[in-house]
Amino acid sequence: MWRHLLEYTDTTGRAMVGFSAVALVVAVVSFVVGIVQATAGHAAATLPFWLTTMGCAVLAGVLVYLASRRGDFTRR
C-alpha cells in the first residue's frame with residue numbers, strides 16, 4: 001500500500017506521507033517515554049506524553065488519508 005501511495009501521488013502527497021512518517025516516529029517515542037515515566041512512579045506526569053502520542057497518531061492518519069485522496073490510483 002505504501003509503495004502504491006508513493007508511486008501514484010504527486011509531490012505534495014509524498015510530502016504528506018513523509019510528515020506522517022515523522023509524526024508516527026514522534027508518537028512511538030512519546031509512547032515509550034510515557035511508559036518509562038509511568039513505570040518509574042511518575043504517573044501524573046505522563047499526560048503530556050499520552051496527548052502527544054494520540055495527537056501525532058491522529059495527525060499521521062489524517063495526512064495519509066489526504067495523501068491517498070490526492071493519488072491517481074487509476075494509472076496502473
Q) Among 58, 26, which is at pLDDT 95 or above and open to solvent by 90 Å² or more (accessible area, probe 1.4 Å)? A) 58
Q: Quickly run through segment 25-76 and pick out the residues that are closer than 21 Å to residue 8 by Cα and within 9 Å of the chain's Cα centre (by Cα).
A: 60, 61, 62, 63, 64
Q | Qualifying positions in segment 29-45 - open to solvent by less than 80 Å² (accessible area, probe 1.4 Å) and in contact with a Phe, Trp or Tyr (Cβ under 8 Å, 6 or more places away or on another chain) | A | 30, 33, 34, 37
(Q) List pairs: first residue in segment 30-46 and without any contact (Cβ under 8 Å) to a residue 12 or more places away in the chain, second residue of a type outside the set (Asp, Glu) anywhere in the structure, Cβ distance under 8 angstrom, at least six positions apart or on different chains. (A) 38/46; 43/37; 45/37
Q.
I need every pair where a residue in segment 1-23 that is surrounded by 13 or more Cβ atoms within 10 Å (Cβ to Cβ) has its Cβ under 7 Å from the Cβ of a residue that is hydroxyl-bearing (Ser, Thr, Tyr), sequence separation at least 6 or different chains.
A. 5/68
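The values are calculated or read from the model by the stated rules, or taken from the named source; none is laboratory data. No experiment lies behind these values; they were computed from the predicted model shown. With ideal geometry, Cβ positions are generated from the backbone for all residues, glycine too; neighbour counts draw on all protein chains shown. These area figures cover heavy atoms from the full protein model, side chains too; ligands, DNA and RNA do not enter into them. Shrake-Rupley method; radii C 1.70, N 1.55, O 1.52, S 1.80 Å.
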